[in-house]
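**Q** Structure below; questions to follow.
The values are calculated or read from the model by the stated rules, or taken from the named source; none is laboratory data. If you're wondering where the values come from, they're calculated on a predicted model, not measured in any experiment. Glycine also receives a Cβ, built like all others from the backbone with ideal geometry; neighbour counts cover every protein chain displayed.
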Amino acid sequence: MRAPAESVAAASERALLVQVVLAGHSKEVAADSLEELERLADTAGAIVGGSITQRRDRPTAAFLVGEGKLADIQLACRRARANLVIFDNDLSAVQVNNLDLALGVKVIDRTELILQIFARRAQSAAAQIQVELAQLQYLVSRIPISRRQQRFQGGIGMRGPGESPLQLRNEPMRRRIRFLARKLQAIQNRERREREGRPRPMVCLVGYTNAGKSTMLNALTSAGAFVDDRLFATLDTKTRRVRLPDGRGAMLTDTVGFIRHLPHGLVASFRSTLDVAVEADLLLTVADASHAHVRDQLDVVHDTLREIGADRVPSLLLLNKADLPAAAAAMPELLRSFPGALPVAAARREGLDNVLALMARML
Ligand SMILES: Nc1nc2c(ncn2[C@@H]2O[C@H](COP(=O)(O)OP(=O)(O)OP(=O)(O)O)[C@@H](O)[C@H]2O)c(=O)[nH]1
Ligand SMILES: [Mg+2]
């Protein structure tokens with residue numbers, strides 16, 4: 001089951017990335033965030049033609065950037081032949097409108113980009129409803145009425161479940177939101193009943209997107225879950241039985257990856273998927289130990305777990321991709337900071353015995 005990410009690259013939107021680094025934000029974190037935005041744009045099927053970073057003490061209400069910078073962005077757009085500008089910062093409805101008009105190209109922010117990736121990747125009915133709900137809530141809250149109906153048409157996100165323009169035009173959006181919310185509630189109730197009937201203990205894989213959660217699920221259970229070196233490969237999660245060394249079994253579930261500034265509407269919509277983590281007996285937190293900013297990613301994971309109310313579930317930290325040189329170099333320091341953690345390489349099935357043994361002990 002391959003997500004249709006590649007095929008849409010043909011629609012080839014050329015994007016210019018813009019980032020405004022406000023006072024008090026570190027240069028390294030900003031650079032990492034921009035790099036991540038580039039990967040997100042790539043995942044969405046856009047070609048990145050360049051990027052512009054501006055440091056500002058405070059954002060401007062009208063454009064976020066200063067007016068002088070607007071001209072630079074315009075020039076950079078022309079140079080890069082970009083027909084899309086993606087801001088790493090959140091934009092207000094007014095700012096999106098003003099920037100659209102001033103630059104003459106489509107302008108979106110990080111949240112909208114993530115929503116559109118989710119729209120493209122959602123496969124199950126439940127995931128599609130969740131994404132459409134999040135998109136509609138985003139539209140209702142952010143976009144002036146006159147433009148609402150156009151936002152999710154054309155280009156990136158074209159194939160998403162959120163784009164049904166006729167429905168949007170003909171039906172008041174709030175009614176559709178209520179309708180989708182009811183449908184989602186029914187699905188969630190059914191899923192909860194299914195989970196209640198399921199054997200315990202329940203173990204849940206959580207972690208930053210691209211950390212290797214699905215690879216770990218496959219390694220521990222031969223689940224055949226979709227693995228990809230793009231962000232948000234997993235939206236529809238799988239549950240499989242895993243055998244522990246003491247002969248007991250446990251149910252192991254994969255989840256949607258976390259990312260910094262994960263849109264709150266999306267967190268709310270995907271709550272049912274994340275409920276699995278809240279109800280779990282044990283969390284396996286997977287981290288990409290080879291990533292230069294693995295500690296920041298772990299902070300995001302812990303914040304998100306707190307946000308969904310799963311921070312009290314016992315957890316075991318797996319420092320994954322230990323086979324990569326960058327991970328090997330970082331490992332001693334990471335193990336000092338996170339004493340209970342286990343180095344693993346899910347893709348090579350290394351360290352799995354330790355994982356299973358510790359799981360059995362903790363359950
Ligand atoms: N070198 C190396 N690569 C790994 C390892 N585990 C996973 N990967 C790679 O990391 C990428 C992401 O793996 P996934 O399992 O899809 O990650 P995920 O956490 O499920 O990601 P999302 O579902 O997108 O949130 C893939 O290209 C994997 O092949 C590992 O132990 N070593
Ligand atoms: Mg995955």
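**Q** Check the stretch 61-69 and report whether any residue there is surrounded by 17 or more Cβ atoms within 10 Å (Cβ to Cβ) and in a helix (DSSP H, G or I). Working first, answer last.
**A** So the first thing to find is which residues in the stretch 61-69 are surrounded by 17 or more Cβ atoms within 10 Å (Cβ to Cβ), and the list is 63-65, 69.
Pick out the ones that are also in a helix (DSSP H, G or I) and you get 69.
Yes, the stretch 61-69 has at least one match.
**Q** In the stretch 74-120, which residue that is touching a strand residue (DSSP E or B) at 6+ places or on another chain (Cβ under 6 Å) and more than 14 Å from Leu17 (Cβ to Cβ) is surrounded by the fewest Cβ atoms within 10 Å (Cβ to Cβ)?
**A** Taking the candidates together, the pick is Arg81.
**Q** In addition: Which of (1) assigned to a loop (DSSP other than H, G, I, E, B); (2) modelled with pLDDT under 95; (3) aliphatic (A, V, I, L, M) does Ala268 not meet, given it meets every other one?
**A** It is condition (1) that Ala268 fails.
**Q** Identify the single condition in (1) modelled with pLDDT under 85; (2) within 16 Å of ligand 2 (Cβ to nearest atom); (3) surrounded by fewer than 18 Cβ atoms within 10 Å (Cβ to Cβ) that Arg240 does not satisfy, given that it satisfies every other one.
**A** Status for Arg240: all satisfied but (1).
**Q** Out of the stretch 77-103, which residues are over 19 Å from Leu40 (Cα atoms), in a loop (DSSP other than H, G, I, E, B) and small (Gly, Ala, Ser)?
**A** The one that is over 19 Å from Leu40 (Cα atoms), in a loop (DSSP other than H, G, I, E, B) and small (Gly, Ala, Ser): Ser92.
Residues are listed down the side, and each one gets a yes or a no for (1) near ligand 1 (Cβ under 6 Å from one of its atoms); (2) within 21 Å of the chain's Cα centre (by Cα):
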residue: Asn210; (1), (2): yes, yes
residue: Met216; (1), (2): no, yes
residue: Thr221; (1), (2): no, no
residue: Asp228; (1), (2): yes, yes
residue: Phe232; (1), (2): yes, yes
residue: Leu235; (1), (2): no, yes
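**Q** If only one of Thr221, Thr215, Thr255, Thr237 is in the same structural domain as His302 (by TED's automatic domain parsing) and touching an Asp or Glu at 6+ places or on another chain (Cβ under 7 Å), which one is it?
**A** Within the list Thr221, Thr215, Thr255, Thr237, the selection yields Thr237.
**Q** Take the residues in the stretch 243-261 that are surrounded by fewer than 20 Cβ atoms within 10 Å (Cβ to Cβ) and at negative phi; name whichever of them is modelled with the lowest pLDDT.
**A** Only one residue fits best here, namely Arg260.
**Q** So, one more: Report, by residue number, each residue of the stretch 201-225 that is modelled with pLDDT under 80 and within 8 Å of ligand 2 (Cβ to nearest atom).
**A** Within the stretch 201-225, just Ala225 meets the criteria.
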